[in-house]
Amino acid sequence: MKITRVLVYQVDLPLHEGSYKWSGGKSVEVFDSTVVRVETDEGVVGHGEVCPLGPAYLPAYAAGAREGVTAIAPHIIGQDPTDIMPLNRLMESVLKGHPYAKSAIDIACWDILGQVAGQPVCKLLGGRYGDDFPLYRAISQESPEAMAGKVAGYREEGYRKFQLKVGADPETDIERIHAVAALMQKGDVLIADANTGWLKHQAMRVVGAVRDVDVYIEQPCLTYEECLSIRRHTDRPFVLDECIDGIAMLNRGHADQAMDVVNIKISKFGGLTYAKLARDLCVSLGIAVTIEDSWGGDITTAAIAHLAHSTPPEFLFTSTDFNSYVTVSTAEGAPQRDGGNMAASREPGLGIQPRMNVLGDPHWVSE
Ligand code: MG
């Protein structure tokens with residue numbers, strides 16, 4: 001089997017809530033997502049998606065994702081998409097770094113591999129555990145009262161895990177955590193995600209003020225070293241996200257006992273191939289994982305579901321369903337949230353069929 005053509009689509013994904021706000025006053029109203037279609041000489045077609053959380057979150061931006069794919073695509077024409085690792089090594093040899101630009105291509109190749117094998121991608125990523133897996137709901141940064149109201153509403157819808165967007169001024173963040181913690185019931189999970197937003201002295205005030213609250217602290221500060229310092233001053237369970245951007249940092253974090261949970265975003269690691277490697281390494285080291293991506297629609301959500309559903313349940317801290325946050329559906333067959341849980345498709349590959357009328361004319365087509 002050979003890749004014959006690569007097409008790139010741009011799609012806008014507005015939010016049901018109107019906007020999504022997190023640390024440092026950053027916000028997004030319409031996500032700029034990129035869908036990649038990989039065609040083969042045997043008629044099998046695969047799809048992948050990459051959607052940065054705006055241009056100021058990780059070192060990734062939407063136009064860069066598309067430009068990266070156009071730089072890589074001419075080199076993978078003629079290659080076998082089911083040779084996943086040789087293909088990843090080839091991508092690295094023609095474009096160093098830029099993992100997010102490779103992610104959608106890698107996901108599309110897993111989609112093809114699954115279709116060729118007649119198996120859902122989760123089977124190829126290790127196998128399906130149980131009927132479904134739990135989701136968290138991200139709570140956009142607002143006043144403490146408004147965030148508590150959102151948590152109450154999403155709790156009614158079935159979510160039991162809540163990730164508060166904090167990382168603003170410490171006094172208000174302490175109020176946010178306390179306001180929501182008061183609503184938590186047995187079995188609920190509360191995460192305060194600062195998304196790198198606190199300086200160390202601010203993070204120290206927050207972790208000190210919530211030492212008696214059953215709350216996880218996620219990525220309090222910008223750098224790994226700052227986060228490690230806070231980690232060593234708090235006994236709250238600790239999640240690292242933005243600074244764990246590859247296997248080397250994962251190993252370093254483990255050596256330093258810097259975290260209890262790692263947030264694995266598929267595009268941060270460069271696709272399902274390396275996200276699976278990170279997931280499997282975490283499992284072998286006794287570290288729990290959040291499985292998600294920076295953002296996305298139906299195709300990203302399908303990829304997340306396959307990786308999450310193939311993660312041992314005791315290691316899967318939580319996962320997410322981005323397609324329920326956005327107003328546009330880009331694919332049929334994508335997993336749909338059922339209360340606070342979701343399941344990967346049982347169809348071969350990702351199990352999705354893109355809505356070509358929604359994707360529109362391609363942004364770019366290979367020669
Ligand atoms: Mg996070």
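Quick notes on this one:
- Single condition Asn323 does not satisfy, out of (1) more than 23 Å from Ala63 (Cβ to Cβ); (2) within 16 Å of the chain's Cα centre (by Cα); (3) open to solvent by 10 Å² or more (accessible area, probe 1.4 Å): (1)
- Residues in region 208-222 that are away from the ligand (no atom under 16 Å from the Cβ) and outside any loop (DSSP other than H, G, I, E, B): Gly208, Ala209.
- Residue match in region 168-187 (condition: touching a Lys or Arg at 6+ places or on another chain (Cβ under 8 Å) and in a strand (DSSP E or B)): no
Results for (1) open to solvent by 10 Å² or more (accessible area, probe 1.4 Å); (2) more than 15 Å from the ligand (Cβ to nearest atom), shown as yes or no for each residue.
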{"residue": "Val261", "(1), (2)": "no, no"}
{"residue": "Ile266", "(1), (2)": "no, no"}
{"residue": "Ser284", "(1), (2)": "yes, yes"}
{"residue": "Thr290", "(1), (2)": "no, no"}
{"residue": "Gly297", "(1), (2)": "no, yes"}
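- Hits in region 188-207 - residues which are open to solvent by 70 Å² or more (accessible area, probe 1.4 Å) and assigned to a loop (DSSP other than H, G, I, E, B): Leu199
- Region 210-231, residues that are within 20 Å of Arg176 (Cβ to Cβ), open to solvent by 40 Å² or more (accessible area, probe 1.4 Å) and of a type in the set (Asp, Glu): Asp212, Asp214
- Of the helices (runs of 4 or more DSSP H) contained entirely in region 31-132, those carrying at least 3 residues that are open to solvent by less than 30 Å² (accessible area, probe 1.4 Å) fall at 62-76, 84-94, 99-117.
- Residue match in region 243-252 (condition: open to solvent by less than 10 Å² (accessible area, probe 1.4 Å), over 23 Å from Glu157 (Cα atoms) and in contact (Cβ under 8 Å) with a residue 12 or more places away in the chain): yes
- Residue list for region 266-292, filter: farther than 20 Å from Ile84 by Cα and touching a residue at least 60 places away in the same chain (Cβ under 8 Å): Thr290
- When residues of region 232-242 are limited to those that are more than 13 Å from the ligand (Cβ to nearest atom) and closer than 21 Å to Arg176 by Cβ, the one farthest from the chain's Cα centre (by Cα): His233
- Matching residues in region 156-167 - criterion: being open to solvent by 30 Å² or more (accessible area, probe 1.4 Å) and within 16 Å of the ligand (Cβ to nearest atom): Lys161
- If you go through region 82-97 and keep only what is in contact (Cβ under 8 Å) with a residue 12 or more places away in the chain, closer than 20 Å to Ala117 by Cβ and more than 23 Å from the chain's Cα centre (by Cα), you end up with just Thr82.
- Residues in region 318-343 that are assigned to a helix (DSSP H, G or I) and out of contact with any Gly (no Cβ under 6 Å at 6 or more places or on another chain): 1 in all.
- Which listed residue is over 17 Å from the mean Cα position of the chain (by Cα), touching a residue at least 24 places away in the same chain (Cβ under 8 Å) and within 22 Å of Gly297 (Cβ to Cβ), from Val28, Val35, Val50, Val69: Val69
The values are calculated or read from the model by the stated rules, or taken from the named source; none is laboratory data. Because the structure is predicted, anything quoted here is derived from the model rather than measured. Quick reminder, even Gly has a Cβ in these numbers, built from the backbone with ideal geometry, and neighbours come from all protein chains shown. In case anyone asks, the SASA skips ligands and DNA or RNA and just uses the protein heavy atoms, side chains included. Shrake-Rupley method; radii C 1.70, N 1.55, O 1.52, S 1.80 Å.
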